[in-house]
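Every read-out reported here was derived from the displayed coordinates using simple, explicitly stated rules and does not represent laboratory data. Note that the coordinates shown come from a computational prediction; the quantities given were computed from them, not determined experimentally. Cβ atoms come from the backbone with ideal geometry, glycine included; neighbour counts cover every protein chain shown.
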């Protein structure tokens, strides 16, 4: 047992100096690594003049655009798509049959009521009229003779020179001749009317479309094609639809006698074509779309509103006077709901929830959440959070409610 103890204890006593040297080497390398890390950190921390760039950027005030909340008017507008629809559209159809001998109008011409549009050969109708007038003259002579005989027979009957039966028969004969004359007069009137139908005129003021029948063709009164189509151009109407939830407000304004302007813009919604007024509202709601049709009238003095044209319609329902309003760019949507960044007196910002009304151009009505005189951020909102310090670059002092311009 004693020899085993001596064999076990002898190796540690021999390797002890080696272990000490290894520990010292490791400690030295560790100290060198720590010194290197500290040196690199010190150099990075002082290379920009002694300040850390990341921390400086975080703490520096953020430049933003701003506006002062004010009051003003907000127009309540409805933006819809409308169709230009003439008040009168007439397809000119022939009333009698015959060869078309003249079409004096020009395609696209503006015509007045009564202007000539076409001429059908009138000669057959003139001949028929002459014949009817001749028959009328003949039957009128027969009637006059019968009346004269009746007067003579009546005188003789009072003298008991002829029988009363003969007088009565003559009276019946006069009545028959009167009926014949009336029938002749009707025939004459019909032939006069048909003769007048050979001269086709415009029934309304408007613009003539493309010619649908050429001279030389035989046209019939049963034709459905017609000779031309005329659309009334002045005034011109536009029909559009509005959601049923807006009808109560529109009806209330109409019943109060208010005139509601309507603006017609082109397809790009950039060019104003004409300004008109709301005329009337349809008497039922479309159950499929939940909308109601509305007609607006426009003077169309330059004929720029063309039938069946699609236009963008803006209906001015009402104007809210002197309400609190905020620039539209200041309005944000996120976790707080609808909010704006309010600039506090200490230069920091805070998210302020707001309740908003209608939008009018660059502004939106503020129902709750802001008061006149408060300052809100209009540009640079993507870099903000609660408590961020901000700065407004030098700019000309804006009017109340107007956004400040960034430099």
- Message: Let me check the size of the range 96-158 from its C-alpha atoms; what are the radius of gyration and Dmax in Å?
- Response: 23.4, 75
- Simple spin-label model, 7 Å along Cα-to-Cβ: residue 229 to residue 268 in nm? 2.8
- For an R0 of 25 angstrom, estimate the FRET efficiency from the Cβ-Cβ distance between residue 205 and residue 239 and round to the nearest 0.05. 0.75
- Query: Ranked highest first by average number of other Cβ atoms within 10 Å, how do 370-381, 126-137 line up?
  - Reply: 370-381, 126-137
- Message: Between residue 171 and residue 149, what is 0.36 nm times their sequence separation minus the Cα-Cα distance? Round to one decimal in nm.
- Response: 7.0 nm
- Task: Any chance you could run the full-extension gain for residue 163 through residue 355? It's 0.36 nm times the residue separation minus the Cα-Cα distance, nm to one decimal.
- Result: 58.5 nm
- Note on the structure: Taking alpha-carbon centroids only, the range 168-230 lies from the range 248-296 a number of Å equal to 43
- Task: Pop out the Kirkwood hydrodynamic radius of the chain from its pairwise C-alpha distances, inverse of mean 1/r, in Å to one decimal.
- Result: 32.4
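Want the number for residue 281 to residue 137: 0.36 nm per residue separation, take away the alpha-carbon distance, what's left?
Stretched out fully, the residue 281 to residue 137 stretch lengthens by 46.1 nm.
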- Starting from the Cα of residue 91, step 7 Å along the direction of its Cβ; do the same at residue 251; then give the gap between the two resulting points in nm. 3.6
- Query: What are the principal axis extents of the Cα atoms in the range 122-197, in Å, biggest first?
  - Reply: 57, 13, 11
- Item | Taking the C-alpha atoms of the range 306-363, convex hull volume expressed per residue in Å³ | 136
- Query: Arranged by the count of other C-beta atoms within 10 angstrom, fewest first, what order do 355, 147 take?
  - Reply: 355, 147
- Note on the structure: Between residue 293 and residue 40, Cβ-based FRET efficiency (R0 45 Å, step 0.05) works out to 0.05
- Between the Cα axis of helix 2-46 and the main Cα principal axis of the chain, the angle (0 to 90°, nearest 10) is 50
- Task: Output the relative contact order of the chain, whole-number percent, from Cα pairs under 8 angstrom with separation of 6+ residues.
- Result: 27
- Item | the chain: angle of helix 164-197 to the longest principal axis, Cα-based, in degrees nearest 10 | 40
- Message: For the ranges 210-223, 111-124, 254-267, what's the packing order if you count other beta-carbon atoms within 10 Å of each residue, average per peptide, and put the highest first?
- Response: 111-124, 254-267, 210-223
- What nm value, rounded to one decimal, do you get for the distance between residue 116 and residue 75 when each label is placed 7 Å out toward the C-beta? 4.9
- Item | Amide N of the range 227-258 lying under 15 Å from the label point, which is placed 7 angstrom from the Cα of residue 83 along Cα→Cβ | 237-242
- So, in Å, what gap is there between the alpha-carbon centers of the range 125-148 and the range 356-377? 87
- With the label point 7 Å along the Cα-to-beta-carbon line of residue 322 and a cut-off under 20 Å to each amide N, the hits in the range 335-374 are 357-358, 364-374
- Computed over the range 122-197: relative contact order in percent, which uses C-alpha pairs under 8 Å that are six or more apart: 52
- Task: Kindly provide the Kirkwood hydrodynamic radius of the range 225-380 in Å, to one decimal, from all pairs of distinct alpha carbon atoms.
- Result: 18.9
